[in-house]
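Report on the structure given below.
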2 protein chains.
Amino acid sequence: MKTVSVLIRAALAAALLSCTSIARSAPADFADIEAQVTQQHDAGVKRLQEWIRLPSIAAEDIGFPEGPQHLISLLQSVGFQHAVMVETDGKPGVFATLDAGAAKTVGVYMMYDVKQFDPEEWSSPPLEAALLDKPGFGKIVMGRGAVNQKGPEMALLEALRAIQATGKKSPVNLVLVAEGEEEIGSPHIGQIVNRPEVQAALMETVGVFMPSAGQSPDGVVSVRLGAKGVIEVQLTADGELWGRGPGKNVHSSLKAMIDSPVWRLVRALDTLVSEDGNTITIDDYPQPRPISESEQAMMAEAAKRMDEAQFKKLFSTPHWIDDLDFEQALERLISQPTVNIEGLVGGYTGPGGKTVLPHSAEAKLDLRLVPGQTADGALAALVKHLDNHGFGDIDVNMSGGYDPTSSPADAVVIQAQMAVLRDAGIDPIIWPRSAGSYPGYVFTGAPLNLGAAHFGLGHGSGAHAPDEYFVIESTNPNIEGWDGAVMSYVRYLYELGK
Amino acid sequence: MKTVSVLIRAALAAALLSCTSIARSAPADFADIEAQVTQQHDAGVKRLQEWIRLPSIAAEDIGFPEGPQHLISLLQSVGFQHAVMVETDGKPGVFATLDAGAAKTVGVYMMYDVKQFDPEEWSSPPLEAALLDKPGFGKIVMGRGAVNQKGPEMALLEALRAIQATGKKSPVNLVLVAEGEEEIGSPHIGQIVNRPEVQAALMETVGVFMPSAGQSPDGVVSVRLGAKGVIEVQLTADGELWGRGPGKNVHSSLKAMIDSPVWRLVRALDTLVSEDGNTITIDDYPQPRPISESEQAMMAEAAKRMDEAQFKKLFSTPHWIDDLDFEQALERLISQPTVNIEGLVGGYTGPGGKTVLPHSAEAKLDLRLVPGQTADGALAALVKHLDNHGFGDIDVNMSGGYDPTSSPADAVVIQAQMAVLRDAGIDPIIWPRSAGSYPGYVFTGAPLNLGAAHFGLGHGSGAHAPDEYFVIESTNPNIEGWDGAVMSYVRYLYELGK
């Protein structure tokens, strides 16, 4: 969800609301906390930099168990009395609780892992976490994980630290779960959340939120009531699995007498979608429920407030699918499932050509899911479809994924953020769901049935891309810097505690 | 042609003829040359090793102009009075002549370039040219270019060196052309061969041959009367070229509103061949002429003499296309054009998945051509087909290729090798053409209309693959070692001089 949220927010340019700084406009009873936030600014930024310098990347098996260990020590330092590593079949999670003796308990979802990166694509080394000037934004920290998700997460921890430093107790108790596999599709999040002691603790919460840099460059905040689900699958056609074609790469001249697993993959792929690639043609694929009137109304409002031209420029995209107008395109964005090819790889992939008949080829797909669909259902339909069409030998490896997630607009974690944003003079755009995905289903689905949301002021961009950043000292009057982001969590926690 | 020749030869296991060593059975008048070949053995092998250690790779722009310079000095050292570099729009060629005052002049085609390699895949460093023991074969030299084509080429040069060292003159005059782009499809071979002075010199020849390691492990030699043509093309679907879809990689969630160039490529590819990938469905594609009765007879004979099971094992292929029997499969191999996917690459290609909607994807194809087809005709049909089907924006880059080539069985360069093989007690298998390709069309086509062939005893394998080798000292009674390979060229040159 992070990337697309950031991208979409970056395109919000219509509602140029003058955003009063939260830090500056804090009421009298936040004055001491605000002073403390200012006082601990440098140390907090340094803690963020140190965290960025310790990447955990599940896909590359880097930074385990140092990543969860570091998070645990951070949590302990801001008042979590209980913070432990939770083993899974994959990378460990973290479970922590902060008992403030408060009336209400709030859930927090975090990720301590970050996306893979290629240092050569960055203008500043991705693990240096350098403080740089970015024209139009001010001083930023640049590094992998800066916005996705260590910056916002550290801002929340600094809020707790500031409250504690002023001699106060957190206005809410906290139950925190963190995972180290968010970037590979959260394959074991259930093994963390469904542990009896974790589930029991979460049962006591009024809902769950994930810290997030919520502001687009114009200061506008989008509030999303849910997110699409997703499955990531790798389809591999292989001579050995097929029992035809070569079992190893052979000279391409042999194509005249030997079948090609690559052509087989192309053919199989072409049965999955319509000729234009936009309509799913998988047999008996779970159907999405139709877009509702209220969802249409939200997208009509969003289309009015967003700058389509800027959006198209941001994505280097001159036309939406079927030349839809912006409102229709946004409706499609939030309501339609997709079958996307993330990548193709097989045979010779270097410059020019090489005369081989490859023994295998792989297509990496992601399938986004909307209400009415489940990860299990989508995978089962895909497998059955391939089988029906005579491609039962094609290996389908689901590397991660989960169901869509939705929360009602009146969920406590949503309503509290609306109140904080209103107080800050921000009129958010409400989205029925993000087109991206995050594993909120573990909270919003049975048995917990909690509300779940993202929250946080501040701005950053570049998730999953080079030059990822988070704004530390803002020269843009519309967006908060580090202290404003920290204060947004202070206010949110107090609002949740009401 | 080299790779498939080597592969096919390696599978020839039927005709277990006892191959009398040429070196041993040389008639009296070759005795002094044979003694000289023995005497210069170590120095010749060392010269081969030195050449292997100097790779020229056009695809990677490595080894120019050192490669042609080195070849020129080698040619000068064995008696070529004239040896010069020939500039082209790509890598330079070499043109050389050896005037021995003989009645007949013979053309020689060489390549000084080698295929790309990945050192990690090799059991011995590919540029070390180490002398190693290979069970069942004896002492080999392992390195990139060992068999494709430096080993056989150096054996020819050592034959000339030995003749010269015994005070004799070469029995034929030689006109030699070498190129440095064979491994990228010989895009500029015409710029070498069609130069007035080169063409004029070649006009004087009785035909052209390329040195080649002609023996399979059982000693059998295949004589090919031609080779398929080929074009190598890279098809790229790209958002910017298309004017739809993203102009850069964007988050995959945007697939719901943005078109995918990768799906476009998949769809376009799927129009090129039948569902099973084996029949070309490109609109108005040039049709091959039907297989002739004499070609069928040759393949019937070849099928009888070859071991199908060994062939299948070599290619890890349990079934031929359409479950054809071996004879039918071989008929298809020599007579049918192909459209092969060498490789697919686009978007994220690392381990697992990454949620991007790629802005482009590329398919690398090679299209083998048979008599009745030309490189230009095949390319034009492909481009027109894509245009007809609405894929005119897909970029078609032809990186190399040429027409098929054929020589009559009674061509001088063919008949001379039949005589040498007969003298050595070898009953070759005759193929109408190789299923692989080499740019023989520049010699066999207008205006030269020469016969062209490959010749040479000795054995090696692994062209285009790791652990490429050429046998230096044979412990296999069926195959010649280095001295036997050198002597095969001595005999061939004398036969051509008759």
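Here is how the numbers come out for the structure above:
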read-out	value
Test: residue in segment A:72-93 that is closer than 26 Å to A:V420 by Cβ and among the basic types (K, R)	no
Complete set of residues in segment B:110-142 that are touching a helix residue (DSSP H, G or I) at 6+ places or on another chain (Cβ under 7 Å), outside any strand (DSSP E or B) and within 27 Å of B:N478 (Cα to Cα)	B:P126, B:A129
Condition check for B:A363: facing chain A (nearest Cβ under 9 Å) and not acidic (D, E)	yes
Residue in segment A:234-256 that is surrounded by fewer than 24 Cβ atoms within 10 Å (Cβ to Cβ) and hydroxyl-bearing (S, T, Y) present	yes
Those residues of segment B:211-253 which are more than 25 Å from B:M306 (Cα to Cα) and under 15 Å from the mean Cα position of the chain (by Cα), in sequence order	B:V230, B:I231, B:E232
Residues of segment B:273-329 satisfying the condition of being under 19 Å from A:W242 (Cβ atoms), without any contact (Cβ under 8 Å) to a residue 12 or more places away in the chain and among the aliphatic types (A, V, I, L, M)	B:L324, B:A329
Residue check for A:A446: hydrophobic (A, V, I, L, M, F, W, C), assigned by TED's automatic domain parsing to the domain that holds A:L131 and surrounded by fewer than 21 Cβ atoms within 10 Å (Cβ to Cβ)	yes
Residues of segment B:46-78 that turn out to be in contact with a helix residue (DSSP H, G or I) (Cβ under 7 Å, 6 or more places away or on another chain), in a loop (DSSP other than H, G, I, E, B) and more than 19 Å from B:P126 (Cβ to Cβ), as a count	1
Residue check, B:V442 under 27 Å from A:P351 (Cα atoms), in a helix (DSSP H, G or I) and either hydrophobic (A, V, I, L, M, F, W, C) or free of Cβ contacts under 8 Å to residues at least 60 places away in the same chain (or both)	yes
Single residue of segment B:374-425 satisfying the filter (free of Cβ contacts under 8 Å to residues at least 40 places away in the same chain and part of a loop (DSSP other than H, G, I, E, B)) that is farthest from the other protein chains (Cβ to nearest Cβ)	B:D410
Long-range neighbours under 6 Å by Cβ, at least six apart or interchain, first residue facing chain B (nearest Cβ under 7 Å) within segment A:335-347, second aliphatic (A, V, I, L, M) and not in a strand (DSSP E or B)	A:Q336/B:A256; A:T338/B:A256; A:I341/B:V262; A:G346/A:V262
Any hit, segment A:179-186, residues being under 30 Å from the mean Cα position of the chain (by Cα), farther than 27 Å from A:G497 by Cβ, part of a helix (DSSP H, G or I) and among the small types (G, A, S)	no
Looking only at segment A:348-360, and only at residues there that are buried (at least 24 other Cβ atoms within 10 Å of the Cβ) and within 8 Å of chain B (Cβ to nearest Cβ), the one that is farthest from A:I291 (Cα to Cα)	A:T355
From A:D42, A:D29, residue being at pLDDT below 95, assigned to a helix (DSSP H, G or I) and over 19 Å from A:N148 (Cβ atoms)	A:D29
Spans of strands (runs of 3 or more DSSP E) in segment B:208-320 with at least 2 residues away from chain A (no Cβ under 14 Å) and touching a strand residue (DSSP E or B) at 6+ places or on another chain (Cβ under 6 Å)	B:208-211
Qualifying residue in segment B:449-457 (condition: surrounded by fewer than 24 Cβ atoms within 10 Å (Cβ to Cβ) and free of Cβ contacts under 8 Å to residues at least 12 places away in the same chain)	yes
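Residue-by-condition table, conditions (1) of a type in the set (G, A, S); (2) surrounded by fewer than 23 Cβ atoms within 10 Å (Cβ to Cβ):
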position	(1), (2)
A:G390	yes, yes
A:G400	yes, no
A:A409	yes, yes
A:V413	no, no
A:A435	yes, no
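The values are calculated or read from the model by the stated rules, or taken from the named source; none is laboratory data. A quick note: this is a predicted structure, and the numbers were derived from the prediction, not measured. Reconstructed Cβ throughout: ideal geometry from the backbone, glycine too, with neighbour counts over all protein chains shown.
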